[in-house]
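Readers should treat all values here as calculations from the given coordinates under stated rules, not as data from a laboratory. Just so we're clear, the structure is a prediction, and the values are computed from it rather than from any experiment. Here the Cβ is made from the backbone with ideal geometry for all residues, glycine too, and neighbour counts use every protein chain on show.
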Amino acid sequence: MKVVRTEIPDVLILEPKLFGDERGFFFEPYNKRVFREATGLDVEFVQDNHSRSRSGVLRGLHYQIRQPQGKLVRIVAGEVFDVAVDLRRSSSTFGKSAAFRLDAASKRIAWIPPGFAHGFLVVSEYAEVLYKTTEYYAPEHERSLRWDDPQLGIPWPLRGAPILSAKDAAAPGLAEAELYP
């Protein structure tokens, strides 16, 4: 597995080894030992999530203020513009974002550490996103960060207004958000 560091060194892009021939392909999206050896991280995943969204849907930016979740994100159909925002006040990259494309064809996987808000915009006709989390979903601790906060300056590749949930449309900006120490 190849590890590529983003503009925020804690956010990683993982490129797994792909084995293919005329029959198709095979790869291991996750192997605990390989992940630990490649990244130096020893994490335990407790939950898998799967979403499907149509073109123009923007999900995020989501985080849990307690029980923060690390996420291992991959796309099994389509393509997304993926974003992680550092919400750790003590971090040298606080308030900065890492943005990149993930798609089913490349098989690339993103590691979003605990302490980050995460979101994505579907840029293909539709996309299916699978992600593992290091903590269970806790709706009472779930928070959203405003996707278009000028303070964040995220370069979303929009073609018109995004399709948002009511919760995401009403999310506060970074200056008003609950943050990590």
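Among the listed residues ARG146, ARG66, ARG36, which satisfies the condition of being outside any strand (DSSP E or B), within 26 Å of MET1 (Cβ to Cβ) and more than 11 Å from the chain's Cα centre (by Cα)? First the steps, then the outcome.
Working: ARG146 fails: within 26 Å of MET1 (Cβ to Cβ); ARG66 fails: within 26 Å of MET1 (Cβ to Cβ).
None of the others qualify; the one that does is ARG36.
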For this session: Within the range 60-74, track down each residue that is in contact with a Leu (Cβ under 7 Å, 6 or more places away or on another chain) and within 17 Å of ASP42 (Cα to Cα).
Result: VAL73
Problem set entry | Lone qualifier among LEU145, LEU164, LEU174, LEU158 - being surrounded by 20 or more Cβ atoms within 10 Å (Cβ to Cβ) and either touching a residue at least 12 places away in the same chain (Cβ under 8 Å) or polar (S, T, N, Q) (or both) | LEU145
For this session: Kindly indicate whether LYS32 is in contact (Cβ under 8 Å) with a residue 12 or more places away in the chain, of a type in the set (D, E, K, R) and over 30 Å from GLY153 (Cβ atoms).
Result: no
For this session: Select from the range 13-50 the residues that are closer than 15 Å to GLN69 by Cα and either out of contact with any Lys or Arg (no Cβ under 9 Å at 6 or more places or on another chain) or surrounded by 10 or more Cβ atoms within 10 Å (Cβ to Cβ) (or both) and list them in ascending order.
Result: LEU41, VAL43, PHE45, VAL46, GLN47, ASP48, ASN49
Problem set entry | Matching option when the condition is over 15 Å from the mean Cα position of the chain (by Cα), within 25 Å of PRO162 (Cα to Cα) and surrounded by 13 or more Cβ atoms within 10 Å (Cβ to Cβ), among GLY56, GLY60 | GLY56
